[in-house]
Amino acid sequence: MIELLFGQYADYPVAFIILELIAVSFGVASVMLASRLSILVFPVGIISTAIFVYLLWEWQLFGDMLINAYYTAMSLYGWLNWSKNQTATDEPQVEHIQRRDLPLLALLGSVTAAFVALVYYFRPVINNHFNFEGAVLGLHLFTWVDLTDMLTTALFLIAMWLMARRKIEHWLVWIVADTISVPLYLYKGLTFTALQYVVFTLIAIKAYYDWKRSFTRQSQATYA
């Protein structure tokens with residue numbers, strides 16, 4: 001079993017393994033901070049996502065790389081947004097999703113999935129050092145992994161936007177996307193990252209109820 005889960009690391013450079021472990025550690029720490037409504041979620045998370053951008057580029061997992069590049073940029077936005085919307089107790093004011101948010105979320109998800117599909121369509125060119133010579137293109141080359149990447153990327157980007165906007169329901173989106181990601185990353189041979197998503201799922205379940213309690217507490221304080 002150990003060989004099955006971790007055997008692929010025998011061929012990885014030691015530096016890559018260390019970087020993945022660091023990124024996973026900071027990723028787990030950032031989710032725990034988010035569950036506690038700590039604004040430190042963003043600087044800690046940026047360290048994790050920036051490392052993953054580099055690693056995933058090296059591993060040619062471009063859909064995953066784009067997710068983490070977006071996380072890095074959105075973390076900067078979320079950091080600013082949370083700073084502007086803190087309560088008197090230095091706790092960011094959380095909100096429920098509104099009907100007016102839905103069209104933007106649908107657009108974000110659709111554009112994201114289409115963009116990732118475009119990246120995978122031109123993957124032979126990218127893998128050929130951005131040279132079209134000899135590269136074979138076509139939708140028939142898409143695998144179930146590519147299609148699943150399109151789905152999870154869209155979900156992750158929606159969740160990150162909702163998180164930056166302090167919406168409670170972002171945890172529900174994380175739960176779905178994290179659950180899908182566990183077998184996906186095991187298949188890709190990134191066992192440490194897959195284990196990270198197991199932890200993410202468990203934290204997200206608890207965090208959803210924690211944020212709901214925070215919303216109730218903040219609402220009572222507002223009308224007290």
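Quick test for you: out of 18, 67, 47, 51, pick the one residue that is at pLDDT below 75, among the β-branched types (Val, Ile, Thr) and part of a helix (DSSP H, G or I). Only one candidate qualifies: 67. State yes or no: is residue 26 of a type in the set (Phe, Trp, Tyr), at pLDDT 85 or above and either surrounded by fewer than 20 Cβ atoms within 10 Å (Cβ to Cβ) or over 12 Å from the mean Cα position of the chain (by Cα) (or both)? Taking the combined requirement at face value, the residue satisfies it. If you filter segment 127-138 down to residues that are exposed (fewer than 14 other Cβ atoms within 10 Å of the Cβ) and not polar (S, T, N, Q), you find that the one that is modelled with the lowest pLDDT is 129.
So for segment 5-14 (the condition being at pLDDT 85 or above, surrounded by 14 or more Cβ atoms within 10 Å (Cβ to Cβ) and hydroxyl-bearing (Ser, Thr, Tyr)), does at least one residue qualify? No: segment 5-14 contains no residue that is at pLDDT 85 or above, surrounded by 14 or more Cβ atoms within 10 Å (Cβ to Cβ) and hydroxyl-bearing (Ser, Thr, Tyr).
Determine whether residue 97 is part of a loop (DSSP other than H, G, I, E, B), touching a strand residue (DSSP E or B) at 6+ places or on another chain (Cβ under 8 Å), β-branched (Val, Ile, Thr) and more than 15 Å from residue 159 (Cβ to Cβ). Here the answer is no, as residue 97 does not meet what is asked.
The values are calculated or read from the model by the stated rules, or taken from the named source; none is laboratory data. Computed from a predicted structure; not experimentally measured. All Cβ positions, even for glycine, are placed from backbone atoms using ideal geometry, and neighbour counts span all protein chains on display.
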